[in-house]
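Read-outs throughout are calculated quantities, based only on the coordinates presented, and are distinct from any laboratory measurement. Just so we're clear, the structure is a prediction, and the values are computed from it rather than from any experiment. Cβ coordinates were reconstructed from backbone atoms using ideal geometry, including for glycine residues, and neighbour counts include every protein chain displayed.
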Amino acid sequence: CRRYGIDVVRRPTGGRAVLHEQEVTYSLIVPQPETLFPPDILGSYRLISQALIRGLSFLGVEATLEPPRRQGTSSHSPSCFHTLSSYEIAVGGRKLIGSAQRRLRGGLLQQGSLLLQLDIPRLFSLLRFPDQARREEGIRQAYTRMTSLAEVTGRLYPHDTVQAALVKGFQAELGIEFQDGELTPEERQLRDRLLQEKYRTVEWNLYGRQPSASLP
């Protein structure tokens with residue numbers, strides 16, 4: 001990643017590796033309790049996936065919801081999109097959107113990625129494998145387990161068009177209306193402090209530790 005000038009960051013929601021390049025990333029934050037969402041992780045995860053599927057339908061995509069399963073498809077790949085878990089979104093059995101959720105401090109945080117395009121050799125050149133044979137096997141499997149919006153639809157949608165469709169899907173599925181907002185001066189100040197002293201540090205991203213200047 002350093003060789004190609006790609007930053008490495010650790011997600012609070014965990015999970016395997018995602019290359020944030022030719023994709024749309026979403027982040028949903030919901031205070032709990034919230035009557036729109038079920039109280040359990042799987043229930044709320046399913047509802048969010050249904051909203052994403054509704055959004056994809058506005059782009060002409062017929063996506064499906066993976067049934068509940070005890071664990072994801074067996075895979076030793078470090079790539080997030082190599083494995084389908086309960087209520088994840090696929091087209092033709094191949095993963096299109098990867099998501100992860102965490103409950104913390106009275107709130108729900110879910111983050112996910114919708115692939116606009118997919119360059120499998122580039123992705124797997126950035127991931128760690130025990131040997132080249134395992135890397136090549138991962139690449140072969142990826143062509144049957146991962147897909148992108150461009151591959152599914154045969155066209156490259158602009159980022160803004162995809163974003164608008166997903167927002168429309170959430171509004172239609174949940175019966176809500178989003179409003180644009182801005183961070184307060186205090187929130188911007190806290191954001192900048194957290195970035196500098198925590199989320200951009202080597203301790204946090206590469207070693208999973210709190211920096212020496214411990215922050216909330």
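At-a-glance table
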{"read-out": "DSSP-assigned coil residues among chymotrypsin sites (Phe, Trp or Tyr not before Pro) in segment 108-216, each with at most 15 further Cβ atoms within 10 Å", "value": "Phe178"}
{"read-out": "DSSP loop trypsin sites (Lys or Arg not before Pro) with at most 15 other Cβ within 10 Å excluded, longest remaining stretch of the chain", "value": "11-68"}
{"read-out": "Excluding exposed DSSP-loop GluC sites (Glu not before Pro) (at most 16 other C-beta within 10 Å), longest clean stretch of the chain", "value": "63-176"}
{"read-out": "Solvent-free Debye scattering, log10 I(q)/I(0), computed from the Cα coordinates of the chain at q = 0.11, 0.14, 0.17 Å⁻¹", "value": "-0.60, -0.99, -1.40"}
